[in-house]
1. Relative contact order (percent) for the range 76-134, with alpha-carbon contacts under 8 angstrom and 6 or more residues of separation?
2. ³J(HN,Hα) across the range 243-255 via Karplus (A = 6.51, B = -1.76, C = 1.60, θ = phi - 60°), whole Hz, x for Gly/Pro?
3. Kindly sort T257, T85 by accessible area of their heavy atoms, largest first, with the probe set to 1.4 Å.
4. Where does the charge balance sit around F39 when Lys and Arg score +1, Asp and Glu -1, over other residues with C-beta under 14 Å from its C-beta?
5. In Å², what does the accessible area per residue of the range 122-265 work out to with a 1.4 Å probe?
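The values are calculated or read from the model by the stated rules, or taken from the named source; none is laboratory data. This one's a predicted model, so the numbers in the text were calculated from it and none came from an experiment. Glycine also receives a Cβ, built like all others from the backbone with ideal geometry; neighbour counts cover every protein chain displayed. Side chains are part of the model used for accessible areas, which takes the heavy atoms of the whole protein and leaves out ligands, DNA and RNA. Shrake-Rupley method; radii C 1.70, N 1.55, O 1.52, S 1.80 Å.
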Amino acid sequence: MRGKIRRTMSMTYNMITMYLKTIGDTNALVVFVSFIIPFLVTLFELLFWGAITENGVYYMGIRSSDLVKYILLANLFQQQFNVYTPATAALWEGSIIRYYTRPVSIIQQLVYEMIGKLWIPKWLMFSIPTVLIIAICGFEFLPYDFIHFIFFLIRMLMAIIIGFEIDIAFSSIAIRLKNGCWAAVQIRNAIIIVLSGQLVPFQVLPDKLAGFLMLLPFASIANAPLSIYVGGDYTVRILLQCFWAIVLGFVSYIMFTKAEEEMVSFGG
């Protein structure tokens, strides 16, 4: 057990060190562009939704200030709501074999690498600076209340777990497609962004369509935690999240285990 903990801490440390070294070797212009483009997109969305709604009133079942807050958090936690591990990329790059030569499970390696190479850079280059600028500009982003914030954290964790399971399932599909990895990634991104509530809140959609989308596993990724953050109900839908986390956990494990038997990467 101690050895496993040491390996986990060592791998996490190596990922952070790798990122810091990358920052040191990266051109300042690249760092600036990696911040300014997503920041401008976020600012445009905030101004757009703020312009079509009147401040303080309800718009299609959601208060205008909460709608802006919803869009802001959807952009700040974009990678957590659209979990993308290096699994598919490693397959078409031919580097998938390195995951099988380390004394750590493939799942753990994918999680550590995703956090170290994707999440931490995004937080440091975009999310944290954006929060500071948005706060200075006067945009409200505080949670509805403390209880809703606690449930938001719980449902955020559940959303990440479900997103990871969906990514593993799509990686399994990519393995079976052989040369269709890129197509699988594009289809996956489009489905998750549109059907998870990350692009458009379900609250502004027609009731029947919104009710149907909320039953799908994709709704448990973005709409579930974000709707809680802005004051939504936190009792029933958390059970739906738990259901999808368990079901998708079994499904993704079976799919990946079966797909491993047919894995081909650079002819191997």
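1. Working: 21 pairs, mean separation 27.0, N = 59.
Once normalised by length, the contact order is 46 percent.
2. Values, residue by residue: 4, 5, 4, 6, 5, 5, x, 5, 5, 5, 5, 5, 4 Hz.
3. Numbers: T257 55, T85 0 Å².
These residues rank, largest area first, as T257, T85.
4. Details: positive: K122; negative: E45.
Taking every other residue near F39 into account, the sum is 0.
5. Details: 7270 Å² over 144 residues.
Result: 50 Å² per residue.
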